[in-house]
Structure formats: structure tokens, C-alpha cells
Amino acid sequence: ASPPVMIAVDIGASSGRVIIGRLPAASGQAAGTLEMEVVHRFPNGVTEIDGSLHWDAEAIFAQVQAGLEAAGAVVRENGERVVSIGIDTWAVDYGLLDAEGELIAAPHAYRDARTDAVIERVHATVSPERLYAIGGMQFLPFNTVYQLAAEVDLAGKRALMIPDLLAYWLTGVERTEETNASTTALFDARAVAWSPEVFDAIDAPQLFAELIAPGESYGRLLPEVAAATGLDPAVEVVAVGSHDTASAVAAVPADDEDFAYVSSGTWSLVGLELDGPVLSQASRAANFTNERGVDGTIRYLQNVGGLWLLQESMRDWAGQGRGRELTHLLAGAAALPAGPVVDANSSEFIAPGGMAGRIRAAVEAAGGSLPAAPAEPGSGVDADQAATVRCIMDSLAAGYAASLRTAAELAGKRPAVVHIVGGGSQNSLLCQLTANATGLPVIAGPVEATAQGNLLVQARAAGLIEGGLTQLRAAIAVDPVRYEPQQ
Ligand code: ADP
Ligand code: LRH
């Protein structure tokens, strides 16, 4: 029989990839190790339409189809067989469908400011305390509950979260994957079900589709999708931790010791894996979230501003004609001593644009300073750029350490190690600063943890691997780099 493979569609806020995963059979006692082949990469980002920020979902879907077509070609060439496709993306955003099941408009992106006007109104009908007691969500201005409250007319409409929208376009089946549903603040963390109370409070119909858990199948490919991609119509689209962070945490290469993690990409998601939610007032006051993970775990974590601050600073400099390579910027920052820090968690950094200037302003507001931009930019990394990048790294490391300390206190845990996964795990300055700030060893990698978590859940659904997260984690491909805390 032809060897089975899985396809991961993993789309972050800054880029997407389509990856073929193979899980060779275990030999003797040792579990097999996941092998990955990236067949398609594409940039992602928000699009401004009439002054507000959106995702071009149709363009993203075209990239997904292109990736599936590329994967299909590789698989045919190798004489393999695709058993399933799994999709993960960022959380909280959704597309609205009309009565015919057509997408009404490009989905709003979470960095859009439209919720500013409604948050107080929502809190007047359902208090932040009550919202937390139900959903256990960190207050973030873009939580789905506020986005829905900002919609003008929801009558007769249906909503699908972004990964579910892509799965719907592949299969024609409407479902809401559970880990992502848990990020909406419309979800009851204890009942693991939608919360009618919260929908009522914002006067919205319960417009999301029935829940589906990681490992369950949405259904088979639509004939037209099979024809367009060259894949077999028998291929199933299987739910994974469709919230990218859920898939990333599933692929933290932890062994038995108590661990903390940082899923480091556009955002940094910093926290612990728990068996149950922490819904206490102390937890609310500390603004920790209880997102659902694969296998019913709880991702007890906090969103820290993340490499978005760096991405946006780089975009700024490129616009000024002094774009610099990431590796050069990081080397420039690593050569400097620790400098001023900003609160990377602050909502002042959520919106795009003018980031380097906003960081400078925040440093100055706190009484510090960064070198001025030169009148005549040099050919290499300028002093202000190196100092800004250094500030971002010091601020992220400080933010990680503060979040982890609080998480450990509130959850009554003592993590022995911090795993950093995702694109940021390649940032050795950030990894070392995190070890220093937390006083714990940092284990960096894998870079593509999210895709690995996605593929391993599919592999288990296909019967290629058995067991819980411990067994799945034993199959992760990683050559981790370890950083010891230094003074
Ligand atoms: P997302 O899934 O949110 O789009 P990723 O996990 O792909 O994000 O991480 C993207 C980030 O990874 C970039 O913003 C960049 O800072 C970092 N990164 C990518 N490549 C490297 C590298 N070679 N060295 C250091 N950092 C890197
Ligand atoms: C990371 C992420 C994060 C969410 C944010 C919207 O990609 O999914 O977990 O909070 O995007």
C-alpha cells in the first residue's frame, strides 16, 4: 500500500506554509519521528479597506489551494497517499456568511480599532468579572465578543472562525473547532460549550456552527476542490488545534518535568499547560487567559506584544529607505548592553504603523532615551536601530519573565525550564535574555512547532501514532538549543 502522509496548512499573522508530514513507523520501543517537507510558503498581513483592517480571506484560500496542489504533486511523484489535511491560523477573527453560505465581506482583522467604541457598552451588560468567570479570557480589546458587538446587523448571518472558514471552503461543512472557540470569550470554559448568557448580553444570535474537537473530521474534500488541487476527493479535512497557539503548545518538546512555554511569533504567548482553568479574581486581575488546548488541556497564558514590535519597526525603517536584514539588526542589538524597556503588553502597540517612533515615545515617557536617528543614514545598522531592537528584546524578555512568575504563582506550579518555540526560537539574543530574566534554562525549538502539533494530531486521527500529548511530543522533530541563565 502507498505510504500515508498528512498535510498541514499553518497560517500565522505574518506568513503561511503548507507542509507535508510523514511519520515513519516506530522501530522497537522508540516512537518514529515526524518528518516535514515544506512545499509552499507565502507572506500574510492585513489589508486596509476603506480605512479599516481586514484579512483577504479569498487570497489566503487561493494560497492554500496552491499549497495543496504543490503537495499533491509531490505525493503523486513519491507514490504516497494523502490521508488528511489540518488547518490552523491565528485566533479570535471570523468571517460572516449570508443565508446562501457566501462570505459577506473580507473578515475584520483583530488589529482594527473598531472595538474601541463598544467595549464599555459590552461591560455595561456583562461585567468583566462575569465574563471572566464564564470564559476565563484575558481582556484584549480584540476578543471576538467585542468584535461581534461592533457588527451592525447580524440577523440571518452565520460566522466561522478563520480556520473553520478555510475548512468550510474545502469541504462545504460548517463547524467551530474547540480550541479556537475558547478564544472568543463567548465560550464557557468549564462547560466546554458556547455561553448563551454572553451571546444574549451582546444581543447577538448564536451564529457559530456546532463544535468539533481536534482529531474529528469536518468531512471530505468538495469535488471542485479535489479537481482544482489534484487531490483525491477521499481526503479528509481533520480538525487539529486550529488555534495556532494550541498546535504550537501541543508540539512543545517537553518531557516529564514541569515546563513553561513561550510560543514566539508575531505574538508571544507565555504560560503553562494545566489540567483545568484558573478562573479566580486574582487570575482576572493579572489578566491571564484560559484557552483550551489539545486533549482538553488548558493553556494558561498571557499575550505579550511579541515580535510584531520588531516586524513593524523593520517595516518603518524600510519605508524610510534604511531597511536592514534581521540578522544584522539582532547582531547590532546583541553588541549593546541592556537598555531601557517598555511594557510590551501595552495595548498602545497593537495597531500597525510608526512602531519605532511609538517605542521611542514610550521609552521617553518613562524617562529614558534612545539614540536619535542619524540625519545621514549609514550603510549598516544605525545606532538608533540597534538600540531600538535591543529595547524590544529586553522588553520581551522582561515581559516573559513577569508573565511566567505570575502564572506560576496563580497556578501553584514551579516550572523547571522554559521552552521557546516558533520563529522567535531562532533569535538567540531573545532566548539568552529570557534565560537571564527568568533564571531558568531555555530550550529553543522547534521553529515549526505549530505545523508539528497540527500534523501529529492528524497522525493520531489516522491511527499512525497512539497516546496522549506525552506520546505525541516524543515524536517531535527538534534539535533543541539550550541556553543557561547568566548574570
Ligand atoms: P507567525 O506564525 O506569527 O506569523 P512565526 O512563528 O513565523 O510567526 O515567527 C515570525 C518571527 O520569527 C519573525 O517576526 C522574526 O522575528 C522571527 N524570525 C524568523 N526567522 C528568524 C531568524 N533567522 N532569526 C531570528 N528570528 C527569526
Ligand atoms: C497567535 C495568535 C494568538 C492570539 C492572536 C490573535 O498567532 O493566535 O494566540 O491571541 O494570534
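How far apart, in nm, are the 7 Å Cα→Cβ label points at ALA193 and ALA351?
Between ALA193 and ALA351, the label points sit 4.1 nm apart.
Within the chain, what is the longest stretch that has no GluC sites (Glu not before Pro) placed in a DSSP loop and near at most 11 other beta-carbon atoms within 10 Å?
Here the longest run is 326-465.
What does the convex hull of the Cα atoms of region 1-129 come to per residue, in Å³, rounded to a whole number?
183
Can you tell me how much longer the chain between THR125 and ALA318 gets when fully stretched, taken as 0.36 nm per residue apart minus their C-alpha distance, in nm with one decimal?
Taking THR125 through ALA318 to full extension adds about 65.0 nm, to one decimal.
Just to be sure I understand: if I project the alpha-carbon convex hull of the chain onto a plane and average over all orientations, what area do I get in nm²?
23.1
How do HIS328, HIS40, HIS108 rank when sorted from fewest to most other Cβ atoms within 10 Å of their own Cβ?
The order, fewest Cβ neighbours first, is HIS328, HIS40, HIS108.
Which of LEU23, LEU279 comes first, and how do the rest follow, when ranked by fewest Cβ neighbours within 10 Å?
LEU279, LEU23
Filter the trypsin sites (Lys or Arg not before Pro) in region 436-485 down to the DSSP loop ones having no more than 16 other Cβ atoms within 10 Å, then list what survives.
Here no trypsin sites (Lys or Arg not before Pro) fit, given the DSSP loop and packing criteria.
With label points built 7 Å along Cα→Cβ from the Cα atoms of SER15 and LYS157, find their separation and express it in nm.
About 3.3 nm, to one decimal.
Modelling each spin label as a point 7 Å along the Cα-to-Cβ direction, I'd like the GLN471/ALA383 distance in nm, to one decimal.
6.0
Counting other beta carbons within 10 Å of each Cβ, put ILE104, ILE202, ILE476, ILE359 in order, fewest first.
ILE104, ILE202, ILE476, ILE359
What FRET efficiency comes out for the pair ALA1/ALA331, r = Cβ-Cβ distance, R0 = 45 Å, nearest 0.05?
With R0 = 45 Å, the Cβ-Cβ based efficiency is 0.35.
Every number in this text was worked out from the coordinates using simple rules, so none of it is lab data. Here the structure is a predicted model, which means the values were calculated and not measured. All Cβ positions, even for glycine, are placed from backbone atoms using ideal geometry, and neighbour counts span all protein chains on display.
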